[in-house]
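S.K.: The structure that follows is given in the form of structure tokens.
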Amino acid sequence: MTVTVLAILETDFKPEKALAKVMNDRLQRAAKELQTSHLKSLSGRGFTSDDLVVYISYNPKYKIRYRIVNDVPADIEYFVAETCGRLGYILWRANAIGVSNEFIS
């Protein structure tokens, strides 16, 4: 399994320029640490074609949030949620894109 953690620097809000640089540096370090340290045990697990892609970003209250962006088995999803929870990260809830009200019943 290939594990990739990407820091999403564009957020729903725009902090001041000096604060944005500090926050972006911190987020990139957190992404690298999550990939190379905390989720390292998942690397090489399963088939080589399996991938785990995790996005991390800030919410408007400056908490780090995470989201798994591809389909993974439930045990992998649980492991990521547990690991991120221990680090104090919160689940990144996003609105469904491309879903109109007429399809929702």
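The values are calculated or read from the model by the stated rules, or taken from the named source; none is laboratory data. Worth saying up front: this structure is predicted, and the values here are computed from it rather than measured. With ideal geometry, Cβ positions are generated from the backbone for all residues, glycine too; neighbour counts draw on all protein chains shown. Accessible surface is based on the protein model in full, side chains and every heavy atom, while ligands, DNA and RNA are left aside. Shrake-Rupley method; radii C 1.70, N 1.55, O 1.52, S 1.80 Å.
S.K.: What is segment 3-91 by shape, rounded, prolate or oblate, if you read a ≥ b ≥ c off the alpha carbon gyration tensor as root eigenvalues and call it rounded for a/c under 1.5, prolate for a/b larger than b/c, and oblate otherwise?
M.R.: prolate
S.K.: With label points built 7 Å along Cα→Cβ from the Cα atoms of residue 40 and residue 2, find their separation and express it in nm.
M.R.: Each label point lies 7 Å from its Cα, and together they span 2.1 nm.
S.K.: Can you give the local net charge around residue 80? Use residues other than it whose beta-carbon is closer than 12 angstrom to its beta-carbon, Lys and Arg +1, Asp and Glu -1.
M.R.: Numbers: positive: 67, 86; negative: 75, 77, 82.
In short, -1.
S.K.: Dipole magnitude of segment 3-91 about its Cα centre, charges +1 at Lys/Arg Cβ and -1 at Asp/Glu Cβ only, in debye to the nearest 20?
M.R.: 500
S.K.: I'd like the carbon and sulfur percentage of the solvent accessible area for segment 3-91, probe radius 1.4 Å, heavy atoms only, ligands and nucleic acids excluded.
M.R.: Percent of accessible area from carbon and sulfur atoms in segment 3-91: 54.
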